Every structure is written in C-alpha cells, then in structure tokens.
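Below is one structure, written out as structure tokens; comments come after it.
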Amino acid sequence: MTFLSLRLNRRRQGIVLGVGALLLAVAGVWVLTLLPIADPLPPSLQSWRTVGSYFDNPPAWPGKPWTTKDGFGVDRQVLEAAAGPSHCGLDSLTFLNIGWPLGTSSTTADQNRLYIRDPNGKVSIPGLIGTWARNPSLPADARDTGYRYGALKLYLSPSDEDTYAYLIAPADSERCPRASLSWGAPEDVRSSCTRPKRHSYRVVTFRSAPGRILS
C-alpha cells in the first residue's frame with residue numbers, strides 16, 4: 001500500500017467518523033426536542049425549548065410530573081399536563097389541570113380548573129373561554145407561579161386567570177384558554193363523547209359519586 005493510499009484511507013475514515021458524530025448529534029437534538037418529557041436536560045441547557053417541544057405530542061395521562069422552582073415534586077392533583085382522552089379523539093390536545101385555588105390538591109371537580117392547549121384548532125370544545133395564542137402580550141399583573149415543567153414555567157394573572165393560563169418556555173410562550181364546563185377530577189375518565197359532525201364534540205358526563213365524574 002502506497003503512502004498516498006494510506007492518506008486517502010485515513011481521510012475516508014475521518015469523514016465517516018465525522019458524519020457519524022454529526023448524525024448522532026442531530027438524532028440527540030431531535031429526541032430531546034420532540035419527546036414529551038419534562039426534564040431531559042437541566043433548564044440551563046434548554047434555551048432552545050419551545051412550548052410545542054413539550055406538548056405538540058402531549059404525554060398520555062397522567063403525564064410527567066411538575067416540580068417547584070426549588071426542584072421539589074408536585075402532586076398531580078395539584079397540577080398536571082397530559083393528553084386529552086383518546087376515546088374522544090382529544091389526545092392531540094393538552095389538558096392542563098390546576099387545583100384551585102392554586103396549590104390545592106383537588107379531590108373534587110369544584111376544586112379543579114381545566115385549561116386546554118389546541119394550537120391548530122383541531123377540535124371544537126364546548127364551553128371554551130377565550131382563544132389560544134403564541135407569544136401573547138402578558139398582562140401587567142402576570143406572575144410566575146413557581147411551578148416548572150423542565151424549562152417551562154406556569155404564569156397566571158389575577159386579572160384574567162379565570163380565562164387564561166400562560167406557559168412560558170425559553171424560546172416562546174403560549175396562552176391557553178380555560179374550559180368552563182366541569183370535566184371532573186383529573187384522575188377520572190373525564191368524559192364520554194359523541195361526534196355529531198366532523199371535528200365537533202359534545203361532552204356527556206355522568207356523576208357517580210359526590211365530586212367525581214365518570215364516563
């Protein structure tokens with residue numbers, strides 16, 4: 001083997017290794033961006049994260065746990081974010097359930113508020129108050145609740161918390177409207193749905209016991 005052949009082989013090997021490393025890096029970024037996980041990296045390394053990178057493919061119920069800003073786990077009856085019920089065709093939506101007043105461990109429907117993320121308007125939700133928006137102007141009184149979902153922060157505003165919850169990511173933010181109907185406590189199968197027409201849903205709920213709504 002000549003000296004020239006050795007140099008060419010080494011160059012080919014270097015190119016192959018470089019391409020392989022690049023593909024691994026791209027695959028890693030893709031996984032971390034698209035998988036619905038709350039904490040793949042420390043928040044300080046997630047400056048590129050958007051709200052959609054967490055919830056465009058929302059995790060199945062009960063979802064990933066939230067934490068406080070100090071890193072303590074939050075009970076899912078206090079706060080949870082997960083896909084809507086699949087049997088209603090709502091699993092592309094994110095249901096943000098908040099124990100109310102904020103910090104309450106909700107055990108009844110009256111103690112729970114539901115905010116819905118449906119950025120593409122795929123489903124007509126009865127009783128939905130307000131509209132979804134990306135990068136909205138935050139109200140002057142908007143405040144950080146101290147709850148975290150990876151690098152995501154939950155903001156509420158006393159002036160419009162009856163209508164909206166705000167999800168603040170490092171790279172963008174979203175406003176999620178509230179559903180005024182009582183869909184029940186988050187741990188229950190919250191509703192059964194019929195489809196009178198394409199992409200339109202009617203919610204039918206059945207109360208089995210005080211404070212519980214089952215389908």
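The values are calculated or read from the model by the stated rules, or taken from the named source; none is laboratory data. Only a predicted model underlies this, so the values are computations on that prediction, with no experimental measurement involved. For neighbour counting, all protein chains shown are included, and Cβ atoms are generated from backbone atoms with ideal geometry for every residue, glycine included.
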(request) Return yes when Thr194 is of a type in the set (Ser, Thr, Tyr), modelled with pLDDT under 95 and surrounded by fewer than 16 Cβ atoms within 10 Å (Cβ to Cβ) and no when it is not. (result) yes
(request) Name the single residue, out of those in segment 120-143 being at pLDDT below 95 and touching a Leu at 6+ places or on another chain (Cβ under 9 Å), that is nearest to Asn57 (Cα to Cα). (result) Lys122
(request) Answer yes or no as to whether Asp75 is out of contact with any helix residue (DSSP H, G or I) (no Cβ under 8 Å at 6 or more places or on another chain), surrounded by fewer than 20 Cβ atoms within 10 Å (Cβ to Cβ) and modelled with pLDDT under 95. (result) no
(request) Can you work out which of the residues in segment 132-167 that are of a type in the set (Asp, Glu) and assigned to a loop (DSSP other than H, G, I, E, B) is surrounded by the most Cβ atoms within 10 Å (Cβ to Cβ)? (result) Glu161
(request) Mind listing whichever residues of segment 168-179 are part of a loop (DSSP other than H, G, I, E, B) and either buried (at least 16 other Cβ atoms within 10 Å of the Cβ) or charged (D, E, K, R) (or both)? (result) Ala169, Pro170, Asp172
